[in-house]
1. If you check residue 93 against the conditions, is it over 20 Å from residue 40 (Cα atoms) and surrounded by fewer than 18 Cβ atoms within 10 Å (Cβ to Cβ)?
2. Does region 194-201 contain at least one residue that is assigned to a loop (DSSP other than H, G, I, E, B), surrounded by fewer than 16 Cβ atoms within 10 Å (Cβ to Cβ), touching a helix residue (DSSP H, G or I) at 6+ places or on another chain (Cβ under 9 Å) and at pLDDT below 80?
3. Of the conditions (1) closer than 17 Å to residue 160 by Cα; (2) in contact with a helix residue (DSSP H, G or I) (Cβ under 9 Å, 6 or more places away or on another chain); (3) surrounded by fewer than 20 Cβ atoms within 10 Å (Cβ to Cβ), residue 27 satisfies every one except a single condition; which number is it?
4. Taking the criterion of being free of Cβ contacts under 8 Å to residues at least 12 places away in the same chain, out of contact with any helix residue (DSSP H, G or I) (no Cβ under 7 Å at 6 or more places or on another chain) and not in a strand (DSSP E or B), would at least one residue in region 81-89 satisfy it?
5. Return the residues of region 30-73 that are closer than 17 Å to residue 173 by Cβ, more than 14 Å from the chain's Cα centre (by Cα) and at pLDDT 85 or above; say none if nothing qualifies.
6. Could you check how many residues of region 143-154 are surrounded by fewer than 19 Cβ atoms within 10 Å (Cβ to Cβ) and at pLDDT below 90?
7. The conditions are (1) within 17 Å of the chain's Cα centre (by Cα); (2) over 21 Å from residue 136 (Cα atoms); (3) modelled with pLDDT under 85, and residue 178 fails exactly one of them. Which is it?
8. Of the conditions (1) modelled with pLDDT of 90 or more; (2) assigned to a helix (DSSP H, G or I), residue 121 fails just one. Which one is it?
């Protein structure tokens, strides 16, 4: 893995701004998709060692759904949106108009529904990065997996090759308007060596300390 530059509080403020823009984009899109009012928060926006990101979701044996999108252009790499099994099944209930707790297993239709939500969320944050940097960022067709987190990440890392030693992580929490449910997910951005520096150069921070 490549070495990621250390980040100052100014850089972290920029990341939070990216998360706020992405959150706004996502809320609008999800409200239309779910046909109900949605609120959303981003309680965590950080760069952290990739090995530590696994613990945020629940550990390598945690059953998760993962939407992955490969990026090319100025910032080549990959973005992931990950939901644990609880949030995955609740999303299916919401999208299918069923009572929360109805879905117990993820079938093909449920996979398509969760993939659509994950793709909306990932796309919202990619768009936020583009809007702040104007970097050339091209997205490939999203891929979906429902498996243990460790197995998914191992497969993706083998396919992607070298990445920075740290990842951009955004934790998201979705709430129904009256607080009837809460769904947590995690956005990860993994980039090839040198790409993070390009991102901060575009944000106007050419020499992070």
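The values are calculated or read from the model by the stated rules, or taken from the named source; none is laboratory data. Everything quoted here is computed from the prediction, not taken from an experiment. A quick note on method: Cβ atoms are made from the backbone with ideal geometry, for glycine too, and the neighbour counts reach across all protein chains shown.
1. Details: over 20 Å from residue 40 (Cα atoms): no; surrounded by fewer than 18 Cβ atoms within 10 Å (Cβ to Cβ): yes.
For residue 93, the condition - over 20 Å from residue 40 (Cα atoms) and surrounded by fewer than 18 Cβ atoms within 10 Å (Cβ to Cβ) - is not met.
2. Of all residues in region 194-201, those assigned to a loop (DSSP other than H, G, I, E, B) come to 194.
Now narrow it down to the ones that are surrounded by fewer than 16 Cβ atoms within 10 Å (Cβ to Cβ): 194.
This time we only want the ones that are touching a helix residue (DSSP H, G or I) at 6+ places or on another chain (Cβ under 9 Å), so: none.
No: zero hits.
3. Unmet for residue 27, out of (1) closer than 17 Å to residue 160 by Cα; (2) in contact with a helix residue (DSSP H, G or I) (Cβ under 9 Å, 6 or more places away or on another chain); (3) surrounded by fewer than 20 Cβ atoms within 10 Å (Cβ to Cβ): (1).
4. Yes, because at least one residue in region 81-89 is free of Cβ contacts under 8 Å to residues at least 12 places away in the same chain, out of contact with any helix residue (DSSP H, G or I) (no Cβ under 7 Å at 6 or more places or on another chain) and not in a strand (DSSP E or B).
5. Correct list: 58 only.
6. 1
7. Only one criterion is unmet by residue 178, namely (1).
8. (1)
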